[in-house]
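These notes concern the structure reproduced below.
The values are calculated or read from the model by the stated rules, or taken from the named source; none is laboratory data. Bear in mind the structure is a predicted one, so any value in this text is a computation, not a measurement. Neighbour counts run over all protein chains shown; Cβ positions are idealised from the backbone, glycine included.
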């Protein structure tokens, strides 16, 4: 009797189990497309790149399929090269400079467009223009604007009698600054769009209530706008950092990393190693370092997202 | 019953497969032995007009002579190497491949090319350095029909106006450039960007002074770099050259912003299209009077990739011979403002007769040098060091000697 009972229950249990298994299987099937996609288009390249960083991967490897394992040699080679430290510092300066510039100007413009005035919509869409131009086109145009002898920028400075023809892209002390200025110009639309939509989400009542308490102008910004905008700000800044770390085409178009490596970053150096010198192993190692830095910010972003979700 | 059915199914499947294998095995020799190559695949980077059409016509003419059709693929210059690497990895290399001459040895070192000696092709009668660039470990892998180099272009009117003649020595170059410099124009320009173009432009100065790419940390190379620094410090050359390409330099020359420039014959069509611009070309000045101006050799070489299809490989080799016939070399050189690589008097004289503006270049090619002749696979590293040193010195970050030492580390 007892055994019969237990047998029945075990049959029931196993049926239940198989039902659950079926459900799980179906659930898994729904996940398969996403998993396959991620494995094929994100997993494979990332793993391949990490592995390549430990291999002596040269042009020959493409034809023979052989790339000897060299351990940390690629990392040793790139870190000990004279360009690395300056590329590292440049990447840091380039990222900080671009983000600070893009964000403050972007925020100012977003706040400005919050006011209602004629042609607001038209002007706001025009702001997007730099974003719509291919980067190669923008950099070619800026290269001529910034030309030392005949560039428009120096002509204008001349007219205002402000300068003695600075070589924006040809002096080591100015090249990085010039590249940052152009990158700020390109990054403003992104900041404006996201921050503007963030501003739209702040309920008007808060300002009205604040007004009753005498909070206007700076006070309103400090105590209403800024706290309400915080989540959007952190998204903009972190995405901005990740986008800026990997900027390549703009620098290649403007200076090619010159003069004398003055505007060389980790991204341009990685490109240089892989696709100019065909040292794919070292290029991959450099790219891995860059991915690691980006990952650091991505983790911060995810963490902040999580804690923001909890607090709300 | 079901078991036997399944088994018989399996058997039919196996039999069908075996038959298919047998059939293909029978068919295989037919394609290999029959040598029925009726078309070949070609890859090159002559992407712009008129080069695209000039080569298209030549390839089709040669194809017609050999009774084959040409399936040509043209990619932009910057995309060629990655395309070749992709094709190498996926075993889809074309039958006939064009490569920029300094890149041939790198590709040959991977085993992706067939030595041309296999088809009885030698480099006899060609400019020896052109052949050196297309040779890897003693075997010839490519044949280059035409070559180019760089020289000194000058604005005839500006020199006349200033009462000077084209410089032949470094000292004269400095003086002349200074004399030609005014408030709104520079006496001279070269291109010194942070890439191989900067290296290419510096080579004639380095080589003519006895400098060498195997070791750039030498007084000879430092002297050449000092000349460039002096020209900049004199104010005769704009600092913008640090970021100018050769095309930029040419634009400035055409606009009358500079009086002399170091540039190549591929600019001649553009320059000649300006009716008001009177220009001429001389060899790049040498350190001392009577020295030999040693300029770098440019141009593309044609190679046969290792595709495993021997009949198609042999056909591609015949195409290379056709592209390099005396007649085709001269016609290509005349149309493209380049110099035939066959150095026989017959070829060169006929060429200069047809393209008088190219006389200087025809002369310069005789003493010109290939970039990869000495270093082969290590050339990209040396080339990077050279432009890095040039940039360090021209920006004033280091003296020429220190710049060369730093860059070579």
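Just a few scattered comments:
- Just so you know, in region B:108-136 the residues that are within 14 Å of another protein chain (Cβ to nearest Cβ) and assigned to a strand (DSSP E or B) include one that is surrounded by the fewest Cβ atoms within 10 Å (Cβ to Cβ), and it is B:136.
- The condition (being within 14 Å of another protein chain (Cβ to nearest Cβ) and more than 30 Å from residue A:70 (Cα to Cα)) is satisfied by just one residue among A:249, A:213: A:249.
- Residue check for residue A:71: at positive phi, within 14 Å of another protein chain (Cβ to nearest Cβ) and modelled with pLDDT under 95: no
- Number of the exception - residue A:54 against (1) within 24 Å of residue B:377 (Cβ to Cβ); (2) surrounded by 10 or more Cβ atoms within 10 Å (Cβ to Cβ); (3) within 14 Å of another protein chain (Cβ to nearest Cβ): (3)
- Among residues of region A:52-72, those that are part of a helix (DSSP H, G or I) and touching a residue at least 40 places away in the same chain (Cβ under 8 Å), counted: 3
- Only one entry in A:212, A:206, A:250, A:239 is farther than 30 Å from residue B:405 by Cβ and crowded, with 17+ Cβ neighbours inside 10 Å, namely A:250.
- Scanning region A:277-299 for residues that are buried (at least 18 other Cβ atoms within 10 Å of the Cβ) and outside any helix (DSSP H, G or I) yields A:278, A:279.
- Top-ranked residue of region A:264-276 - restricted to ones that are surrounded by 23 or more Cβ atoms within 10 Å (Cβ to Cβ) and at the interface with chain B (Cβ under 9 Å from one of its Cβ atoms), ranked as nearest to residue A:75 (Cα to Cα): A:272
- Any hit, region A:95-102, residues being outside any helix (DSSP H, G or I) and either under 25 Å from the mean Cα position of the chain (by Cα) or exposed (fewer than 11 other Cβ atoms within 10 Å of the Cβ) (or both): no
- Scanning region B:219-267 for residues that are in contact with a strand residue (DSSP E or B) (Cβ under 7 Å, 6 or more places away or on another chain), in a loop (DSSP other than H, G, I, E, B) and more than 14 Å from chain A (Cβ to nearest Cβ) yields a single hit, B:264.
- Residues of region B:363-409 classified as within 12 Å of another protein chain (Cβ to nearest Cβ) and within 25 Å of residue B:103 (Cβ to Cβ), total: 16
- Residue list for region B:198-218, filter: over 17 Å from residue B:395 (Cβ atoms), in a helix (DSSP H, G or I) and in contact with a helix residue (DSSP H, G or I) (Cβ under 7 Å, 6 or more places away or on another chain): B:205, B:206
- Elements of type helices (runs of 4 or more DSSP H) in region A:129-181, at least 2 residues being out of contact with any strand residue (DSSP E or B) (no Cβ under 7 Å at 6 or more places or on another chain) and within 12 Å of another protein chain (Cβ to nearest Cβ): A:135-145
- Search result, residues across region B:57-101 that are in contact with a helix residue (DSSP H, G or I) (Cβ under 6 Å, 6 or more places away or on another chain), within 13 Å of residue A:278 (Cβ to Cβ) and in contact (Cβ under 8 Å) with a residue 12 or more places away in the chain: B:88
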